[in-house]
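The values are calculated or read from the model by the stated rules, or taken from the named source; none is laboratory data. Note that this is a predicted model, so its numbers are computed, not measured. Note that we place each Cβ from the backbone using ideal geometry, even for glycine, and neighbour counts take in every protein chain shown. Only protein heavy atoms, including side chains, enter the accessible area calculation; ligands, DNA and RNA are left aside. Shrake-Rupley method; radii C 1.70, N 1.55, O 1.52, S 1.80 Å.
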Amino acid sequence: MSKVVGDIAVQVGADVTAFERGMDRAKRSTKDFDKQFALTSANVKKAGAAIGVAAIAAAAGFAKVAASALEAAEGIADTAKATGATIRGLQRLRFAADQNGASAQQMDDALLRLTRRMSLFVKDGGGPAAKAIEQLGLQVTNADGSLRASDEVFVDIAQRLSNLSSSAEQAALASQLFGDRVGPQLVPLLAQGA
């Protein structure tokens, strides 16, 4: 993200290299585990059927947990990309939504709609969120013209909506930005500010 402050240009970016390396390590660990599992299975057969069944069940359970964790991490990365959010920002907003009576899925849906609506606004100044974007004075693009991360814009929206005294106005603007179904459900979170 680039922003010009006075005569100084500030460039902020997100480096997901460490995350991707961690994902690669997890995949390698799973492959190593599979190899070790095969060797262990042969040795367990020699030790006896009862012990073998228990060990295999435990190892299979561990492998399933490891695979599920890997799938969850990949799922978060995919969702962040689809919603235009940073991985860390998405995780934080999902947690905040959960703490305020909304679900992670509702947050994902809200960010997806927000990203689409920001795109429409940037494209031709229109779309269902145009009035709300203008009324709240939201900056939805970076200095280079690319869309800002949806989690960052969400924080800006929360700051501005928290300054409004009318909960009806907050709900109306949230509906324009996030959709008629999800927007009002996020008002308790949005009303708290950033």
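Electrostatic bookkeeping for Thr83 treats Lys and Arg as +1 and Asp and Glu as -1; over the other residues with beta carbon under 14 Å from its beta carbon, the sum is +3. Classify the range 82-194 as rounded, prolate or oblate, taking a ≥ b ≥ c as the square roots of the eigenvalues of its Cα gyration tensor: rounded when a/c is under 1.5, otherwise prolate if a/b is larger than b/c and oblate if not. Cα axes put the range 82-194 in the oblate bin. Each Lys or Arg adds one and each Asp or Glu subtracts one; over the other residues with Cβ under 12 Å from the Cβ of Gly126, this totals +1. Taking the 1.4 Å solvent-accessible surface of the range 88-194 as the whole, the part contributed by carbon and sulfur is 48%. Residue ranges 87-98, 138-149 sort as 87-98, 138-149 when ordered by packing (mean number of other C-beta atoms within 10 Å per residue, highest first). Val155 contributes an accessible area of around 60 Å² to the protein surface, as traced by a 1.4 Å probe with all chains present.
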